[in-house]
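The values are calculated or read from the model by the stated rules, or taken from the named source; none is laboratory data. Being a predicted model, the structure only gives us computed values, none of them experimental. As a convention, Cβ positions derive from the backbone with ideal geometry for all residues, glycine included, and neighbour counts pool all protein chains shown. Just the protein is used for accessible areas: all its heavy atoms, side chains included, with ligands, DNA and RNA removed. Shrake-Rupley method; radii C 1.70, N 1.55, O 1.52, S 1.80 Å.
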Amino acid sequence: MHIAALILSVLLASAMLQSGVMKFVRPAWIRRFAQAVHLTASQLTVLGSLQIAASVGLLWGIWFPPFAIAAAIGLVLYFAGAIITHFRTGDRNMLGAAVFLLLSITTAVVLVIAVA
């Protein structure tokens with residue numbers, strides 16, 4: 001695997017693992033963000049599970065690149081949905097989602113190039 005793809009995959013996987021775990025731990029700041037976009041506790045659990053699953057896919061993709069590509073594309077869709085949700089609920093605090101969307105897109109593109 002190309003070194004840039006490896007670095008981006010590990011970086012994105014660690015960020016998603018941390019974010020996913022926080023959705024299970026639910027500190028006050030996560031609860032405030034969830035309330036701003038009208039998310040329930042069960043929805044937070046699902047979103048955290050998706051992020052942890054993406055972390056596993058990205059790391060497993062080190063040995064089997066199609067898993068990393070699928071995980072990165074899944075995260076592109078995840079964060080595109082997050083940004084749409086922020087807009088629909090009138091919450092303009094979406095810098096984190098935008099940064100993760102950009103990182104997910106970059107990772108997916110670099111992974112595809114590395115595999116080709």
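Scanning the stretch 72-82 for residues that are open to solvent by less than 40 Å² (accessible area, probe 1.4 Å), of a type in the set (A, V, I, L, M) and farther than 17 Å from I113 by Cα returns L75, A80, A82.
Restricted to the stretch 83-116, and to residues that are in contact with a Leu (Cβ under 8 Å, 6 or more places away or on another chain) and open to solvent by 40 Å² or more (accessible area, probe 1.4 Å), which residue is farthest from P66 (Cα to Cα)? Taking the candidates together, the pick is F100. Determine if the stretch 80-87 includes at least one residue that is aromatic (F, W, Y), more than 13 Å from A5 (Cβ to Cβ) and without any contact (Cβ under 8 Å) to a residue 60 or more places away in the chain. Within the stretch 80-87 (the criterion being aromatic (F, W, Y), more than 13 Å from A5 (Cβ to Cβ) and without any contact (Cβ under 8 Å) to a residue 60 or more places away in the chain), the answer is yes, since at least one residue qualifies. Output the residue which, of all residues in the stretch 17-71 that are polar (S, T, N, Q) and without any contact (Cβ under 8 Å) to a residue 12 or more places away in the chain, is most open to solvent (accessible area, probe 1.4 Å). Filtering the stretch 17-71 for residues that are polar (S, T, N, Q) and without any contact (Cβ under 8 Å) to a residue 12 or more places away in the chain, the one most open to solvent (accessible area, probe 1.4 Å) comes out as Q35. For A68, the requirement of being at pLDDT 95 or above and under 11 Å from the mean Cα position of the chain (by Cα) is not met.
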